[in-house]
1. If I filter segment 327-386 down to residues being in contact with a Leu (Cβ under 7 Å, 6 or more places away or on another chain) and of a type in the set (Val, Ile, Thr), which single residue comes out as surrounded by the most Cβ atoms within 10 Å (Cβ to Cβ)?
2. Would it be correct to say that Ile203 is in the same structural domain as Cys333 (by TED's automatic domain parsing), among the β-branched types (Val, Ile, Thr) and under 27 Å from Val377 (Cβ atoms)?
3. Lys215 - would you say it is more than 17 Å from Gly284 (Cα to Cα) and surrounded by 15 or more Cβ atoms within 10 Å (Cβ to Cβ)?
4. Residues to consider are Ala384, Ala397; find the one that is more than 23 Å from Asp277 (Cα to Cα), touching a residue at least 24 places away in the same chain (Cβ under 8 Å), touching a Ser or Thr at 6+ places or on another chain (Cβ under 8 Å) and not hydroxyl-bearing (Ser, Thr, Tyr).
5. Would you please list the contacts, defined by Cβ atoms under 8 Å and residues six or more apart or on different chains, that run from a residue in segment 337-352 that is within 21 Å of Ile400 (Cβ to Cβ) to a residue that is charged (D, E, K, R) and assigned to a helix (DSSP H, G or I)?
6. Somewhere in segment 214-221, is a residue over 18 Å from Ser278 (Cα atoms) and touching a Leu at 6+ places or on another chain (Cβ under 6 Å)?
7. Restricting attention to segment 41-63, does a residue exist that is in contact with a Cys (Cβ under 7 Å, 6 or more places away or on another chain), modelled with pLDDT of 75 or more and either among the aromatic types (Phe, Trp, Tyr) or surrounded by 18 or more Cβ atoms within 10 Å (Cβ to Cβ) (or both)?
Amino acid sequence: MNRRHFLACSFAAAVAASLRAADAQHRVPRIVLRSSWQTVNIGDIGHTPGVLALIEKHIPEADVTLWPMDVRNGVEEMLRARFPKLHIVRTKEAAYECDFLLHGSGPYLTAHRDVAAWKKETGKPYGIYGITMAAAGDPGLKIMRNNGLDETVRDLLNGASFVFLRDGRSLEVVRRAGVTSPIIEFGPDGAFAADVRNEAAAIAFLRDHGLEEGKFLCAIPNLRNAPYWRVKPGYAFDEAKHRRNEEMKEHDHAPLREAIIAITRQTPMKFLVCPEDSTQMETGKELLVDPLPPDVQARVVWREKFWLTDEAISTYVRSAGLLSCEMHSPIMCIGNGVPALVCRFVEQTTKGFMWRNIGLDDWLFDLDNPEELARIVPTALALAKDPAAAKAKAARAREIVRERQRATMQILRKAATV
């Protein structure tokens, strides 16, 4: 090879390398979202459209793929209606075509096995968005051991580009455990940003049941342990969980009934008793509706059928507020500027404490603390009597959430641009 040819080849190689580097620098982020854990709960459904909406707003150039666990029962159709360009894949091989894995919100590192496989088999970066990692010993946390994190999970958190925890207690747990991810911060649950809608269904239901916009509140019941043996094929009946449900159901729902009675008798407001998961229609009738006095029952509507997240949000935004023993309907309410009171208990892990992170301490009630039970009725009554003030408070909380969302999306953009 003569010198001229050698120099020409070297120059061409250098130009090609430079072009490849420039292409990599300017290539749009290719993000795969691991989410959509189940379809029996509108909160688990709501995580996904929330995160997708955030990426759409803050990283509009991103190419986003959803890698779901379950999008049956109308959920896929709902997502495609809101995000018509969305790619949905079912296999890890298809997911591995992306450059960055984002683990969506959940009660813990729900897809930890998939994150581990991604880390081992691709070597590509990943991040954790808005999960709970509760203190050791809390019920339902499969990946907690002794007084710290399971070593496998700790290693996954260590290797993440960022770890966003959706409540302050979880943030403390992860920091105390010595996790070494470069970014460990409070990051709101993805469902705060859910904006799917089914206006026609919501309007029709409210009209058919005499509920006027701004003149009713919603109420959601919740047993200590979701009795999924009622709705999930092959899900075994759990005697211990059933016994705990029976032991605590009156204790947990009596304050909500008292609030419904006080509000319907002292204000023009009506009530809609509705579900967050598909086991709660029966629970709502048994524990919130049937025991009410006749004059109060006449002002209460019971929703007897399950719904999807889009119809639920379209209903919540027309209400004056929500009283809930669940967490994600309140999250979606605040995300849309609707006041929401939360009653939590230990079986829900620590996610309810996120209300303290967004300035809603006095709208959070710990049902395991007897001293807090007496606050529920007067707080709910104050909300119903002055809905404008309650809405202003919800708006302030929403702005705290939005500021954190902006920050977390900036971090995601930088981490996913490889």
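The values are calculated or read from the model by the stated rules, or taken from the named source; none is laboratory data. In this text the structure is predicted, and so the values were computed from the model without any measurement. A quick note on method: Cβ atoms are made from the backbone with ideal geometry, for glycine too, and the neighbour counts reach across all protein chains shown.
1. So, considering only residues that are in contact with a Leu (Cβ under 7 Å, 6 or more places away or on another chain) and of a type in the set (Val, Ile, Thr), the one surrounded by the most Cβ atoms within 10 Å (Cβ to Cβ) is Val342.
2. In short, no.
3. Working: more than 17 Å from Gly284 (Cα to Cα): yes; surrounded by 15 or more Cβ atoms within 10 Å (Cβ to Cβ): yes.
Judged against the criteria, Lys215 is a match.
4. So the residue among Ala384, Ala397 that is more than 23 Å from Asp277 (Cα to Cα), touching a residue at least 24 places away in the same chain (Cβ under 8 Å), touching a Ser or Thr at 6+ places or on another chain (Cβ under 8 Å) and not hydroxyl-bearing (Ser, Thr, Tyr) is Ala384.
5. Partner pairs satisfying both residue conditions: Gly337/Lys391; Gly337/Arg398; Val338/Lys391; Pro339/Lys391; Pro339/Lys393; Arg344/Lys351; Thr350/Arg169.
6. yes
7. no
Listed here are the residues, each with its yes/no results for (1) in contact with a Phe, Trp or Tyr (Cβ under 6 Å, 6 or more places away or on another chain); (2) among the acidic types (Asp, Glu); (3) at pLDDT 95 or above.
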{"residue": "Leu156", "(1), (2), (3)": "no, no, yes"}
{"residue": "Gly159", "(1), (2), (3)": "no, no, yes"}
{"residue": "Ile183", "(1), (2), (3)": "yes, no, yes"}
{"residue": "Asp189", "(1), (2), (3)": "no, yes, yes"}
{"residue": "Ile203", "(1), (2), (3)": "no, no, yes"}
{"residue": "Asp208", "(1), (2), (3)": "no, yes, yes"}
